[in-house]
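The values are calculated or read from the model by the stated rules, or taken from the named source; none is laboratory data. None of these values were measured; they are calculated from a predicted model. Here the Cβ positions follow ideal geometry from the backbone for every residue, glycine too, while neighbour counts run over all protein chains shown. Side chains included, ligands, DNA and RNA excluded: accessible areas come from the protein's heavy atoms. Shrake-Rupley method; radii C 1.70, N 1.55, O 1.52, S 1.80 Å.
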Amino acid sequence: TKDLPTPDSIITNAKYSTTILDRNDKVIYEVFQDKNIVPITYDELPKDLVQATISIEDKDFFKHGGFSIGGIFRALLRGIFLGRAEGGSTLSQQLIKNTLLTSEKSLIRKLKEFILAIELERRYTKEQILEMYFNQTPYGGTTWGVGSASQYYFGKKPSQLTLLQSAILAGLPQNPSIYSPFIGEKDAYIHRTEQVLRRLREDKYITKEQESELVAQLPKVKFVGKGTAIQAGHFVFYVKDQLDSVL
């Protein structure tokens, strides 16, 4: 453990995007390197998104201390029989993997993840961990964190997301390269969102009738996306020059 990073590094080393807005608070450009992370606070997280993410990724999040016994057992079996450790990660472990470790699939990396997740849970509250998770989780390409994802996919702030939009975003982090509506496999996000909605129903967050209605709406969901054109180019480059002069 002496060579492991500290969970505090998740906060101290965080690099967020600079968002340029017009006079009506509409996003016209975001300045970032590698990862577009628009930070949000826990209070800005929509309840539907939190519930959907916990249901599909880690239903015992508020009960465990950073790890799942069942998840560890399944990961060990995969490591023994398949030669690699994968799956079974809690939200805390996913946060550690995304910020402090590599995505290497090995038992050693899994052990480091396990140790750091326990330490993370010891130092921070569940709400603080969720805030970090929703700011440091990949949602496809350079889109990291739900602040950036909600803007990229739906052109709105996280607090404005509908239940269905929240369910779609909750399903992306497991494998954004497959589930992203833009860069993923065709209609894969639909099947993934159906899984999220089923989990929400099983956890009694929604009814069977609501699940059926939302599934029927899935193929009709409109995504915004962002083109490469820069709006208000002169203003944007002026602001970038100002930033470069002070950084």
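The figures follow:
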item	result
Tally of residues being of a type in the set (S, T, N, Q) and open to solvent by 10 Å² or more (accessible area, probe 1.4 Å) across the range 144-159	2
Residue that is farthest from residue 3 (Cα to Cα) [pool: residues in the range 95-112 that are open to solvent by 80 Å² or more (accessible area, probe 1.4 Å) and not small (Gly, Ala, Ser)]	105
Cross-chain or 6+ apart pairs with Cβ under 7 Å, the range 1-29 first and at pLDDT 85 or above and open to solvent by less than 60 Å² (accessible area, probe 1.4 Å), then assigned to a loop (DSSP other than H, G, I, E, B) and of a type outside the set (S, T, N, Q)	5/100; 9/100; 10/100
Filtered residues of the range 1-50 (kept if part of a helix (DSSP H, G or I) and over 25 Å from residue 122 (Cβ atoms))	44, 47, 48, 49
Single residue of the range 54-81 satisfying the filter (out of contact with any Lys or Arg (no Cβ under 9 Å at 6 or more places or on another chain) and open to solvent by 100 Å² or more (accessible area, probe 1.4 Å)) that is modelled with the highest pLDDT	63
Residue under evaluation residue 185, criteria (1) over 20 Å from residue 54 (Cβ atoms); (2) open to solvent by 50 Å² or more (accessible area, probe 1.4 Å); (3) in contact (Cβ under 8 Å) with a residue 40 or more places away in the chain, criterion not met	(3)
Residue in the range 160-176 that is aliphatic (A, V, I, L, M), open to solvent by less than 50 Å² (accessible area, probe 1.4 Å) and closer than 20 Å to residue 31 by Cβ present	no
Long-range neighbours under 6 Å by Cβ, at least six apart or interchain, first residue closer than 8 Å to residue 66 by Cβ and modelled with pLDDT of 90 or more within the range 109-128, second in a helix (DSSP H, G or I) and not charged (D, E, K, R)	117/92; 117/93; 117/96; 120/92; 121/92
Selection from the range 113-143 of residues that are more than 17 Å from residue 51 (Cα to Cα), open to solvent by less than 30 Å² (accessible area, probe 1.4 Å) and among the hydrophobic types (A, V, I, L, M, F, W, C)	116, 117, 120
Residues that are assigned to a loop (DSSP other than H, G, I, E, B) and free of Cβ contacts under 8 Å to residues at least 60 places away in the same chain, drawn from the range 129-150	137, 139, 140, 141
Where residue 235 falls short, out of the listed (1) at pLDDT 90 or above; (2) open to solvent by 20 Å² or more (accessible area, probe 1.4 Å); (3) in a helix (DSSP H, G or I)	(1)
Top-ranked residue of the range 203-216 - restricted to ones that are open to solvent by less than 90 Å² (accessible area, probe 1.4 Å) and either touching a Pro at 6+ places or on another chain (Cβ under 7 Å) or not small (Gly, Ala, Ser) (or both), ranked as nearest to residue 164 (Cα to Cα)	214
